[in-house]
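Undergrad: One structure, as structure tokens, below. Some questions next.
Coordinate-derived values only; no laboratory data. For clarity, every value in this text was computed on a predicted model and none was experimentally measured. Here Cβ is always computed from backbone atoms with ideal geometry, including for glycine, and neighbour counts include all displayed protein chains.
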Amino acid sequence: MAAVELEDIRLSYGGLEVLKGVSLRLASSEFAAILGPSGCGKTSLLRIIGGFSDYKGSLRIDGRDVAGEPPHRRNIGIVFQDYALFPHKTVAENIGYGLRMRSIAKPRLDERVSGLVDLLKLQGLEQRYPAHLSGGQKQRVAIARALAIEPKMLLLDEPLSALDKKLREEMQVELRQIQKKVGITTLFVTHDQEEALALADTIVIMTEGRIRQIGTPSDVYLRPADEFVAGFVGQSNLFNAEVMKIEGATITARLDGGEVVTLNSKELVKTGNRITFCVRPERFCLSRPDTQMNDANIFEGRVDHAVFLGSHWQLGVTMNGSRKIKVQASEGRSEGETVRLLWQPDNAIVLSA
Amino acid sequence: MTAHAPRHIVIRLIGAILIMLLILPIFILVGVSLNAGVEQTFPPQGLSLRWYENLANRSGFIEAGRLTLGLAVGSSIVSVLASLCAAVALARYTFPGRAFVLTLLLSPLIVPQVVVGMGFLITLSALGVFNSLFSLSLLHLTITLPFTVRVVVAALSGMPASLEQAAQSLGARPLRAFFEITIPQIGPSLVAAGVFAFVTSFENFTASQFLVWDRMTLPVAIYTSIQTENDPTAAALSSLIVVIVVVLIAIFHRFVIKHMFASS
């Protein structure tokens, strides 16, 4: 299994710069997701690795620069967003296509195809045509076909976007198991943060042709590098404040609305600095009369809307004046009610100093 | 339901009359061709296939038929192949002047055939070319190309590029991917385009009549014959052509309908 290195990859269409210097290194057997909104350049990056697009910069697979190598010699398995199964070929012929291109003898080809049919639980469907498969089955065939050639790496373009919610969750688990079992370096692109968090070991956050953060799922969620990442991965409430006092790791700051809060952060800030910090919706507690205050910060506000989502409530709270806060609470409140929101200094993430 | 019934009947009646008006001349033509007598009369006076037999003795018709068939087969094959090449460029690549090239390829469709024929006549005469086979080949290619380009470009544009890319990622050279994956997908459209071109070329009279220096096409020969003779031979020949065209259109329909089901 191959390691992949991208260095300062750039791409322009006409005058429009789609990729503005992307550098990324994938270790062998790593499962990475490129997460970004549509138009961020993630699909272009995939096409470049697959050999379907020009680029500037260097792309090395296993240390070898593959510039100019046509797609059919790259030995990279690709699962396309629309699966791109060959409609006039059966499931078995689809899976075996890459082996046939490699002139593998029939007995070995059949053996390998049936191995993949087992791995992807496609038994009994070998002689069907793609038109007679469900969405999940089509996807499994596409993965089997890509794996059949024992590729150096696997690329997946929005692999689960065409499936319904329940099937998507099943396939997430399955895809992860297959990737671990085969141990193949895998890169997939998605705009769905849940999908990225659930599947990948490494998440690469991209926007506007640039990488904003590379890290584990918990890294990008708990320690977002900037406002974009904080807003894109999970929900977040952003606050602007001015630093008033610093004692060790404890920062006292005044919000633009006038409230004074304390935050714990290792971020290097100075008194008088303007900072932006983020508090996740699930980090707020609704206070009761008997709640211990300790050193928690308190926001007061009115409930704008309250939506019950099964496992939790989603509240929209307007603080004095106009600031709106998204809160994920374990208990409900009625709309119009005044609430006190508690949050711990540890739960603030200082994004920029 | 009942409230709609009267209107329904009126619509059906209008439809039936319109269809009759379209089909009637062909029925009469076939009737005339079956005449036992020597006059072009309807209803036929006695039934006979003698005018069909007579066709075999008319070397002019046979020679014209051979030329027409050759032109139709040749121009449909060449024009489908040329359209395929054009379609790859137009549907898969973006290049400056792309829209212009497409318009240019489709333009013979909007120029009246008389103008196209005159244009060819004047140009070829000026160049000193008085060879009907050469001129008509060129003309029929020009006339059939818009039809085939249209069908083939639409077929290729409607096919996701990801199929070919998938084949390439699996190790197929671009040309192999094109022949093994793309061609089977657009095959029915290629057949349809070919049939279209064949019929267009086979029945063309308006433009072809300008270029019959040393050889005639069938429609021109028929026209000449009805101007000079009054027996039902021309009617027999025309009926025969109708049958051939109907068969070809039936094939065309079969492929188009099959294609529609395959893509769903």
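Undergrad: Name the aspartates and glutamates eligible as straight-distance cross-link partners of A:K56: C-alpha to C-alpha under 13 Å, and not fewer than 8 places from it in the same chain.
TA: Straight-line reach from A:K56, under 13 Å: A:E7, A:D8, A:E17, A:D65.
Undergrad: Follow-up. Apply 1/(1 + (r/R0)^6) to the Cβ-Cβ distance of B:A99 and A:A249, taking R0 = 51 Å, and write down the FRET efficiency to the nearest 0.05.
TA: Efficiency for this residue pair is about 0.20.
Undergrad: Continuing with the same structure: Rounded to the nearest 0.05, what FRET efficiency is calculated for B:A154 and A:L16 with R0 set to 25 Å and r the Cβ-Cβ distance?
TA: 0.30
Undergrad: So which residue, out of B:F202, B:F100, B:F178, gets the largest mean-square fluctuation from a GNM of chain B using Cα contacts under 10 Å as springs?
TA: Taking springs between Cα atoms under 10 Å, the residue moving most is B:F100.
Undergrad: Under Stokes-Einstein, with the Kirkwood radius over Cα pairs standing in for Rh, what whole-number D in µm²/s applies to the protein assembly as shown at 25 °C and 0.890 mPa s?
TA: 79
Undergrad: Could you give me the ³J(HN,Hα) list for the range A:146-155, computed from phi with Karplus coefficients 6.51, -1.76, 1.60 and θ = phi - 60°, whole Hz, x at Gly and Pro?
TA: Once rounded to whole Hz, the list reads 5, 6, 4, 7, 6, x, 5, 7, 10, 10.
Undergrad: Among the trypsin sites (Lys or Arg not before Pro) in the range A:1-61, which ones are in a DSSP loop with at most 16 other Cβ atoms within 10 Å of the Cβ? Mind listing them?
TA: Sites meeting the loop and neighbour criteria: none at all.
Undergrad: Let me spell out the model: positive unit charges on the Cβ of Lys and Arg, negative unit charges on the Cβ of Asp and Glu, origin at the Cα centre of the range B:60-263. What dipole size does that give, in debye rounded to 20?
TA: Magnitude of the dipole: close to 700 debye.
Undergrad: Along the charge dipole of chain B, which of B:T94, B:S59, B:V115 sits closest to the positive end, that is, farthest toward it, with unit charges on the beta carbon of Lys, Arg, Asp and Glu (+1, +1, -1, -1)?
TA: Of the candidates, B:T94 comes out farthest on the positive side.
Undergrad: How much length is gained if the chain between A:S330 and A:H312 is pulled fully straight, taking 0.36 nm per residue apart and subtracting their Cα-Cα distance, in nm to one decimal?
TA: The A:S330-A:H312 span can extend by a further 6.0 nm.
Undergrad: Another question, then. At 7 Å along Cα-to-Cβ for each site, give me the label-to-label distance between A:T276 and B:I249 in nm.
TA: In this crude label model, A:T276 to B:I249 measures out at 6.8 nm.
Undergrad: Follow-up question, since we're still on this one. Please list A:304-312, B:63-71 highest first by mean number of surrounding beta-carbon atoms within 10 Å per residue.
TA: Packing order, densest peptide first, comes out as B:63-71, A:304-312.
Undergrad: Using the charge dipole of the range A:4-232 (Lys, Arg: +1 at Cβ; Asp, Glu: -1 at Cβ; taken about the Cα centre), state which of A:V229, A:I61, A:T207 has its Cα farthest towards the positive end.
TA: Comparing the listed Cα positions along the dipole, A:I61 ranks first.
Undergrad: What does the net charge come to around A:I104 if you take all other residues with beta carbon closer than 10 Å to its beta carbon, with K and R at +1 and D and E at -1?
TA: With Lys, Arg at +1 and Asp, Glu at -1, the net is +3.
Undergrad: Along the Cα-to-Cβ line of A:S53, 7 Å from the Cα, sits a label point; which residues in the range A:161-198 have backbone N less than 17 Å from it?
TA: A:187-192
Undergrad: For peptide B:157-168, how many partner chain Cβ atoms fall within 10 Å of a residue's Cβ, on average?
TA: Numbers: counts 0, 0, 1, 5, 3, 9, 7, 3, 8, 17, 7, 10.
Counting Cβ atoms of other protein chains within 10 Å of each residue's Cβ and averaging gives 6.
Undergrad: Say R0 is 45 Å: what FRET efficiency, to the nearest 0.05, do B:L49 and A:E111 get from their beta-carbon distance?
TA: 0.10
Undergrad: Right, something else. State, to one decimal in nm, how far the label point of A:V173 lies from the label point of B:N57, with both points 7 Å from Cα in the Cβ direction.
TA: According to this spin-label approximation, the distance is 8.7 nm.
Undergrad: Packing-wise, with mean Cβ within 10 Å as the measure, how do B:18-28, A:198-208 rank, highest first?
TA: A:198-208, B:18-28
Undergrad: Another question, then. Hey, got a sec? Which trypsin sites (Lys or Arg not before Pro) in the range A:212-296 land in a DSSP loop and have at most 10 other Cβ atoms within 10 Å?
TA: Details: sites: A:R212, A:K245, A:R254, A:K266, A:K270, A:R274, A:R283; in loops: A:K266, A:K270.
Sparse-neighbourhood loop trypsin sites (Lys or Arg not before Pro): A:K266, A:K270.
Undergrad: Once both labels are modelled 7 Å past Cα along the beta-carbon direction, what's the B:F42-A:E227 spacing in nm?
TA: Once both label points are built, they end up 8.2 nm from each other.
Undergrad: Please identify, among B:G119, B:G37, B:G15, the residue showing maximal mean-square fluctuation in a Gaussian network model of chain B using a 10 angstrom Cα cutoff.
TA: Residue with maximal mean-square fluctuation among B:G119, B:G37, B:G15: B:G15.
Undergrad: Below 8 Å, C-alpha to C-alpha, sequence gap of six or more: please give me the relative contact order for chain A in percent.
TA: Normalised by residue count, the contact order of chain A is 16 percent.
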